1. Report the calculated FRET efficiency for C:GLU130 and B:LEU313 (r = Cβ-Cβ distance, R0 = 35 Å), to the nearest 0.05.
2. Could you name the lysines whose alpha carbon sits less than 19 Å from that of C:LYS182, not counting residues in the same chain fewer than 8 places away?
3. Report the net charge of residues surrounding B:THR135, where surrounding means a beta-carbon distance below 10 angstrom and charges are Lys +1, Arg +1, Asp -1, Glu -1.
4. Compute from the Cα atoms of the stretch A:355-420 the Rg and the Dmax, the latter being the longest Cα-Cα distance, and quote both in angstrom.
5. Full extension from A:SER116 to A:ASP328: what is 0.36 nm times the residue separation minus their Cα-Cα distance, to one decimal in nm?
6. For the stretch B:29-119, take every pair of Cα atoms, bin their distances at 10 Å starting from 0, and report each bin as a whole percent.
7. Could I have the simple spin-label model distance between A:ILE105 and A:ASP137, label points 7 Å from Cα toward Cβ, reported in nm to one decimal?
8. Please work out how much length the chain gains when fully extended from B:LEU173 to B:TRP189, using 0.36 nm per residue of separation minus the C-alpha to C-alpha distance, in nm with one decimal.
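Quick note: the coordinates plus some simple rules give every number you see, no bench work behind them. Note that the structure is predicted; figures quoted are calculated from it, not measured. Reconstructed Cβ throughout: ideal geometry from the backbone, glycine too, with neighbour counts over all protein chains shown.
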Amino acid sequence: MSENRPILKMTGIHKRFPGVHALNGVDFRMFAGEVHALMGENGAGKSTLIKVLTGVYPIDGGEVEWEGRPFHPRSPLEAQQAGISTVYQEIHLCPNLSVAENIFIGREPRKFGRISWRAMNRAAEALLAERLNVKLDVTRPLGSFSIAVQQLVAIARALNISARLLILDEPTSSLDRDEVNRLFAIMRHLKRQGLAILFVTHFLDQVYEVSDRITILRNGRFIGEYPTRELPRVELVQKMIGKDLDLLGSLPKRTPPSAGGERPFLQAAGLGRKGGVEPFDLAIGSGEIVGLAGLLGSGRTETARLLFGADRADQGKCFVEGREAKLDSPRKAIDRGIAFCSENRKAEGIIEDLTVRENIILALQAHRGWFRALSRRRQEEIADEYIRALDIRPADPEQLIRNLSGGNQQKVILARWLLMNPRLLILDEPTRGIDVGAKAEIQRLVLSLSEKGMAVLFISSELEEVIRVSSRVAVLRDRRHVRHLAGVEIRQSAIMQAIAGG
Amino acid sequence: MPFRWRNSHLFWPLAALGGLLLINLLLKPEFFAIRYQNGHLYGSLIDILNFGSPLAIVAVGMTLVIATRGIDLSVGSLVAISGAMACLTISRGADQQSLHLVLGAVLLALAVSVALGLWNGLLVAGAGIQPIIATLILMVAGRGIAQLITSGQIITVTSKPYHFIGAGWLFTLPFSVYLAALVFLFAAWMTRRTSLGMFIEAIGCNPAASRLAGIRSRSILLAVYMFCALCAGIAGLITSSNVSSADGNNAGLWIELDAILAVVIGGTSLAGGRFSLAGTLVGALLIQTLTTTIYMLGVPPEITLVVKAFVVLAVCLIQSPSFRRAIAARGVPRKPVASRQEVSRHG
Amino acid sequence: MNVRKILPIVLLAACLIVTACGGGNQPSSGGGGGGSDSNGPSTQSTESGGGSSSGAGKKIVLGFSQVGAESGWRTANTESIKEAAAAAGIELKFSDAQQKQENQIKAIRSFIQQKVDVIAFSPVVESGWETVLREAKEAGIPVILTDRAIDSDDESLYVTFIGSDFVEEGRRAGRWLLEQFKDATEPVNIVELQGTTGSAPAIDRKAGFEEVIRENPNLRIIASQTGDFTRAKGKEVMQSFLQAHKDIDVLYAHNDDMGLGAIQAIEAAGLVPGKDIIIITVDAIRDGMQAAAEGKINFIVECNPLLGPQLMEAVIAVVEGREVPKRIVTEEGAFTSEEAKAALPYRKY
């Protein structure tokens, strides 16, 4: 591919949302016939950039040039008509319609006002064969094909509109290895036809396998654009996370508690789930904080969910205090003294319609059953106690939790589980989206809990945080537990090496 | 914090009810006349309580189902089945006046109702079918079952004890009013004195988070659907006993829609979560008052449904905060309408 | 939403409905009638033991498709047809449509295939019959409508319509009332419980009644509301009437069931039905006749379901090629309380 003129050139793009500067002077360009990976951690601005490009949001500042002309799409449809097509992570197709219908829905070939099914099926077959190099029975309902094939159909639908730029947002997240290979073959095929492909993924291996060029964003800022071959993995991770290896000395390390012959509170042996996380071994002792590090989508949350029984493991075993435990529902895990604060506070943590008091006592009350209701007075005592202990604001137990800030909601969820007096507390991104002060408070709390003998599994995207609190760290990459670090080994450089991998 | 009565979730339903009564006061003052006669009170208001009690009972059960983000379309059929079951048993009995026979018939009818509620609950909580589909099955099949029980005929019974349930009087008021009050108080007690209410709201508001908090949503859903069916069963007994006959074709026809309407008017969202039993009661009374008003005012039958629809539309519109805001915005700028989310508690 | 998850359930529901309602839509030929329980889907062929059919050398075969078994009136109607067929020596192929038009159309098609001599049916609904009746016409099989009419411009599709004249029923009720109050000098306040809004009996019974009582300006309908032909609604509406109007003299209900509900409301108000309020109803089902015999209903206009004998007469006439009038009105009576008391022991329904 020649460095002549980019088909897309974005310069100094700004996009602000209330309270957030989502894109802060971002540059981005693409050439015909390349696969371009857009990289960055959560909140880096990747999806905002895509939405600006496809006309979902207008830009607040900067220039966009598409095929040499200024370009300001006001809707996804306009962007599509200009030749920019997007395939989103979730497939927005109708499983009960045929493949051909899905490809042509809304623009069916017509003959005297009636849909010409034959023409449509022929066109769909030709499209799939010529551009994607696949043969399918296009009259079968889409739902009868695998997710991978459905993805191909989604691509075919996007391609049909004489696309010159194809955006694939996390296309591989639900595919297995063979399916990924097939998708990559198709991407290369399309590339040779001169299409520009913007590829968003969390899997580093895949970036190096298929992309020609990488643009890195961090915190809404443009970090750089590099040919993939010239950017070592470790450097990529550093740029994404924003730490320079040279500056990372070894921080003073808390010595691990006397983890001698004592058997761990919880031990996972070959525990795994297809499509979630590959089998892993992990042990967490009482009074110990084990950190999980890895990029988003690397299997951290999936690990936590298996240990809490939120997802059912399909292989391996789990031992609690030496005895095998079948943790196939949250209730069973709770009965064993395990607690779990989900990373998805809104969807899996708080009950928006309930008050702070009710949210705090929910797990304890559920454990007791309906009839052994805590008296209203006891509930208020508990709520007051935890509001004070965790400094939840406003200090009103009857406030609906939806009216609290993210940090305070997080504290309420923490209170819910502390009230259970768990033996193992699993915290998945407990400090995400909350302010610095609250962050430090929660970290201090976690440390003091472990000193009192609680086992903690601590998951965070922020390496510093993981390093600061953990006595051991398990590093994950591409849904595999790749490395375990303990004591003095826990350094940012080592973790990053492990995250970046081969 | 001072109690701001306009923010209460009961304000708008009560206002609508008040408005309806005001119309009656202006057009038909005898609507409010209550006489004392043969040892009981007698008047339109009493009739509203009497004829409104089956709807109120069904709506109380429906409230809990809707709070779990579900819906129960089968209540109308259950009303028919329960009445048919009881009347069939009594009509086959040797002595229709026997209290034992009536008691047995009532218990049998209620047991059948609860069993059918269990079926609904199993489809929803066990098989994971969407509630609207799961209960649609019994809505359609139940009508057939009721017709099968009555052989498509109207079963007339002469039992005095049975007649008492729907048409008897106790301490100057219709007995059915006490039944409705009992069901309401029981539901209120179950949901507010035990933690069932909180669990129902948690499941309705956020099923995923509830599961992770360790709530047994399956058993709660089963209980709720069974309770709703029990309510429908009681309503069926009242309806059939009121006219001393069971009509498998028409008993409880469309009551599910009126019940859903009562729940929504009462301020419980169809999306589940927070519910208000008191609001539902007001909603049910509003609907029955509207029906009686239409009869009293002599609205021609050809347009009664249209009149009903307009009143319901008006009530629903003034209930909608965004509609009120839109109206307010067109007039003089006012302070923004306080959000209903600030309501702290209800009974 | 997971469509595939729901689909089997919907199918299951469909199956349930079909088993509950369907079954014997296809009239079976041959076989001595019966075998089916009272509740089961009934398709039976009744052959009379003795008695040769009048006129023709071979037996006349009549295919009859009934609406269903939704009321006591309908059951009596069915019984009458079966008995009359047996008595006239006509072979009856009987099919129950379970209140569904599609079942009825299927049954008629099946009658055509079996080449019956005459087809008779009570249409479930008024419209949508042209196609299947044209098929019968082309096959040369005469069609007789019973009880309910169809809504079609093409009168050649059927030979005759045997059934009640609802307007006449209303007139009879009115005439009796006119007679009762012929000397009245003060206004007579009448309340009316209408049938289901828009149904033919409700419209016609109202029209016939109003037509007659217009003669006496003292007779005034002060309130008229639908009671949906049910007891529960009849009671509820009557109760409101009693609250709204203090001086009701007469109740006219379009069927017995609403009247029976209203009687309960009147009694609950402390009034004596039949004395304080004169009650007129239409239908004369057993419960209604019972109430009339007890004096609670003053006058019942019969809506006669026993049109079997008239139907069989018409069938024989059609087969023999005689001219049949396009409209045959059922022979119907009317009962005062005393007459009801006398007639009650002999009533068939």
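1. The calculated FRET efficiency here is 0.35.
2. Correct list for C:LYS182: C:LYS275.
3. -2
4. 10.9, 33
5. In short, 71.2 nm is gained.
6. 14, 30, 29, 23, 4
7. 2.1
8. That pair, B:LEU173 and B:TRP189, stretches by 3.4 nm at full extension.
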